[in-house]
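The values are calculated or read from the model by the stated rules, or taken from the named source; none is laboratory data. Being a predicted model, the structure only gives us computed values, none of them experimental. All Cβ positions, even for glycine, are placed from backbone atoms using ideal geometry, and neighbour counts span all protein chains on display. The area values use the complete protein model at the heavy-atom level, side chains included, leaving out ligands, DNA and RNA. Shrake-Rupley method; radii C 1.70, N 1.55, O 1.52, S 1.80 Å.
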Amino acid sequence: MSQIKDQLLLKFENKTAKLGVVGLGYVGLPLAVEKAKAGYEVIGFDVQDKKVEMVNEGHNYIGDIIDSDLETLVKEGKLKATTDFSFVKDVDAVAIAVPTPLDKFKQPDVSYVIASTKSVAEYLHKGMLIVLESTTYPGTTEEIVKPILEESGLKCGEDFFLAFSPERVDPGNKQFKTKNTPKVVGGCTSECTEVAAALYSTVLEGEIHPVSSPAVAEMEKILENTFRHINIGLANEMAVLCKKMGIDIWEVIDAAKTKPYGFMAFYPGPGLGGHCIPLDPFYLTYKAREFDYHTRLIETAGEINDFMPEFVVDNAMKLLNGHRKSLNGSKVLLMGIAYKKDIDDMRESPALKVIEHLEQHGAEVIYNDPFVPEFKHNGKEYVSVEWQTAIKDADIVIITTDHTDYDYERIVENAKLLYDTRNATKDVKNNRQKINKL
């Protein structure tokens with residue numbers, strides 16, 4: 001094994017290794033681009049023909065990638081994509097970065113991980129490194145991925161290397177990208193960890209932090225997002241209570257964060273969005289049942305966060321009632337459909353739940369989002385309207401995403417009734433009496 005390891009480490013050192021990335025989404029494509037920019041020849045694998053076609057044409061579809069970077073790498077032959085997994089036989093290392101959603105019962109769906117691992121196992125060869133990056137519950141790498149790979153007849157730690165290294169993608173983050181975010185790596189053996197860490201050290205600028213096992217790395221990722229999940233749940237619960245007490249939660253948080261120690265500011269909103277924070281903690285909830293333990297704090301925070309879209313609609317209804325209007329039949333303009341500002345990512349966006357509750361009460365819902373020109377939800381198609389015109393006919397405007405480019409002074413001035421769930425109007429100087437906040 002030592003000889004196999006040394007040969008692979010040498011390939012990483014001189015950048016002669018050929019790398020593969022399975023899954024060309026929000027995690028996989030940026031990772032493939034960074035590996036290609038580092039000097040490696042990279043093959044991206046995906047089951048979606050459209051994504052493969054766009055990559056091979058140099059057309060970017062991920063916000064955190066510079067369009068010209070992708071185009072240049074494809075033209076130079078450093079990056080290509082395919083749906084044909086037989087090309088796995090040509091690569092020295094593969095990263096698996098596929099979705100790990102929850103089903104309707106909030107049970108982890110690892111079917112994409114299993115299918116990808118089986119595709120890799122079919123062409124697994126000696127001296128190969130496989131790294132799982134998909135967020136999942138502790139034990140997945142060793143209990144699911146490893147046995148599938150070993151069905152090839154090759155042995156982990158003897159014939160091939162296997163590790164888990166959690167993705168830390170934060171869409172829209174201007175400071176931290178794939179390249180400069182610290183990377184946690186946990187291998188099935190110490191040599192697996194060493195090899196995986198060596199690869200990432202040749203690609204990324206962020207610190208490489210080795211841990212003792214894949215399970216530690218898997219749990220670390222869950223802890224990161226559970227920390228945010230619970231603290232956002234606390235902020236949302238405080239927002240609900242402050243609303244009942246007539247206290248401005250945003251002013252409370254601003255005051256609390258003046259303390260230089262012992263407090264970290266988290267903010268309320270219309271609910272949780274994105275592929276990580278609303279989902280990842282429930283991987284741990286699922287795994288905990290195996291040990292006859294119930295993660296009460298996680299589940300309570302989940303209940304609070306899941307309640308927020310309904311809370312938003314209830315407040316909108318009360319605001320309309322105060323103006324002698326019924327939500328049933330009212331025209332509601334939502335400002336922002338993406339789950340966070342200045343991105344086009346709609347995954348698990350709380351605005352979608354807000355729309356569902358509004359329409360259940362008979363409201364006519366229209367929306368504007370400069371990053372999401374159109375979308376389909378529950379079989380219905382929605383198209384972004386020009387807010388500057390639509391705002392004049394809307395009975396109420398609800399700010400669900402605080403995009404930077406919105407002219408909030410103008411929104412406040414023109415809205416008949418305004419409900420701000422993001423504190424986006426905090427700097428508006430005029431017409432402040434018109435602003436209703438979460």
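Inside the range 262-302, residues that are within 25 Å of Cys242 (Cβ to Cβ) and of a type in the set (Val, Ile, Thr) make up a count of 3. You will find that of Asp46, Asp6, Asp69, the residue that is buried (at least 19 other Cβ atoms within 10 Å of the Cβ), without any contact (Cβ under 8 Å) to a residue 60 or more places away in the chain and either acidic (Asp, Glu) or on the phi > 0 side of the Ramachandran plot (or both) is Asp46 and no other.
Based on what the data block shows, is Val372 out of contact with any strand residue (DSSP E or B) (no Cβ under 7 Å at 6 or more places or on another chain), in contact (Cβ under 8 Å) with a residue 24 or more places away in the chain, hydrophobic (A, V, I, L, M, F, W, C) and crowded, with 19+ Cβ neighbours inside 10 Å? Yes, satisfied.
Exactly one residue out of Val88, Val22 is of a type in the set (Val, Ile, Thr) and closer than 17 Å to Tyr200 by Cα: that is Val22. From the list Asn423, Asn414, Asn436, which residue is at positive phi and not charged (D, E, K, R)? Testing whether each residue is at positive phi and not charged (D, E, K, R) leaves just Asn423.
For the range 250-309, the set of residues classified as assigned to a helix (DSSP H, G or I), more than 20 Å from the chain's Cα centre (by Cα), aliphatic (A, V, I, L, M) and under 23 Å from Glu220 (Cβ atoms) consists of Ala288, Leu297, listed by residue number. The C-beta contact set for the range 178-200 (first residue farther than 22 Å from Glu224 by Cβ and of a type in the set (S, T, N, Q), second residue in a loop (DSSP other than H, G, I, E, B) and open to solvent by 10 Å² or more (accessible area, probe 1.4 Å), distance under 8 angstrom, 6+ apart or interchain) comprises Thr189/Gly157. A residue that is crowded, with 22+ Cβ neighbours inside 10 Å, basic (Lys, Arg), under 15 Å from Ala338 (Cα atoms) and touching a strand residue (DSSP E or B) at 6+ places or on another chain (Cβ under 8 Å) occurs somewhere in the range 411-422. Summed over the range 83-106, the residues that are outside any helix (DSSP H, G or I) and either in contact with a strand residue (DSSP E or B) (Cβ under 6 Å, 6 or more places away or on another chain) or in contact (Cβ under 8 Å) with a residue 60 or more places away in the chain (or both) give a count of 13.
Just name the residue that is least open to solvent (accessible area, probe 1.4 Å) out of those in the range 11-43 that are of a type in the set (D, E, K, R) and more than 15 Å from Phe85 (Cβ to Cβ). Looking at the filtered set, the residue picked out is Lys35. Tell me, please, whether a residue that is modelled with pLDDT of 95 or more and among the small types (Gly, Ala, Ser) can be found in the range 42-50. Yes, the range 42-50 contains at least one residue that is modelled with pLDDT of 95 or more and among the small types (Gly, Ala, Ser). Here the condition is being over 22 Å from Thr83 (Cβ atoms) and at pLDDT 95 or above; of Thr141, Thr135, it holds for Thr141 alone.
Going by the structure shown, is Asp64 open to solvent by 40 Å² or more (accessible area, probe 1.4 Å) and modelled with pLDDT under 95? It is true that Asp64 is open to solvent by 40 Å² or more (accessible area, probe 1.4 Å) and modelled with pLDDT under 95. In the set (1) buried (at least 16 other Cβ atoms within 10 Å of the Cβ); (2) among the β-branched types (Val, Ile, Thr); (3) over 25 Å from Glu194 (Cα atoms); (4) at pLDDT 95 or above, the condition left unmet by Val88 is number (3). Scanning the range 255-286 for residues that are open to solvent by less than 40 Å² (accessible area, probe 1.4 Å), among the hydrophobic types (A, V, I, L, M, F, W, C) and out of contact with any Phe, Trp or Tyr (no Cβ under 7 Å at 6 or more places or on another chain) returns Ala265, Phe266, Leu272, Cys276, Ile277, Leu279, Phe282.
Applying the set (1) closer than 24 Å to Leu279 by Cβ; (2) over 31 Å from the mean Cα position of the chain (by Cα) to Lys325 leaves exactly one unmet item: (1). For Lys325, only one of the following conditions fails: (1) closer than 22 Å to Ala424 by Cα; (2) at pLDDT 95 or above; (3) part of a loop (DSSP other than H, G, I, E, B). What is its number? Unmet for Lys325, out of (1) closer than 22 Å to Ala424 by Cα; (2) at pLDDT 95 or above; (3) part of a loop (DSSP other than H, G, I, E, B): (1).
When Thr135 is tested against (1) surrounded by fewer than 20 Cβ atoms within 10 Å (Cβ to Cβ); (2) out of contact with any strand residue (DSSP E or B) (no Cβ under 7 Å at 6 or more places or on another chain), just one condition goes unmet, and that condition is (1).
Residues of the range 394-415 that are in contact with a Ser or Thr (Cβ under 7 Å, 6 or more places away or on another chain) and either outside any helix (DSSP H, G or I) or polar (S, T, N, Q) (or both): Asp395, Ile396, Ile398, Ile399, Thr400. If you check Thr226, Thr193 for being open to solvent by less than 40 Å² (accessible area, probe 1.4 Å), closer than 30 Å to Leu438 by Cα and of a type in the set (Ser, Thr, Tyr), only one passes: Thr226. Would you mind stating whether Tyr123 is assigned to a helix (DSSP H, G or I) and buried (at least 17 other Cβ atoms within 10 Å of the Cβ)? The answer is no for Tyr123.
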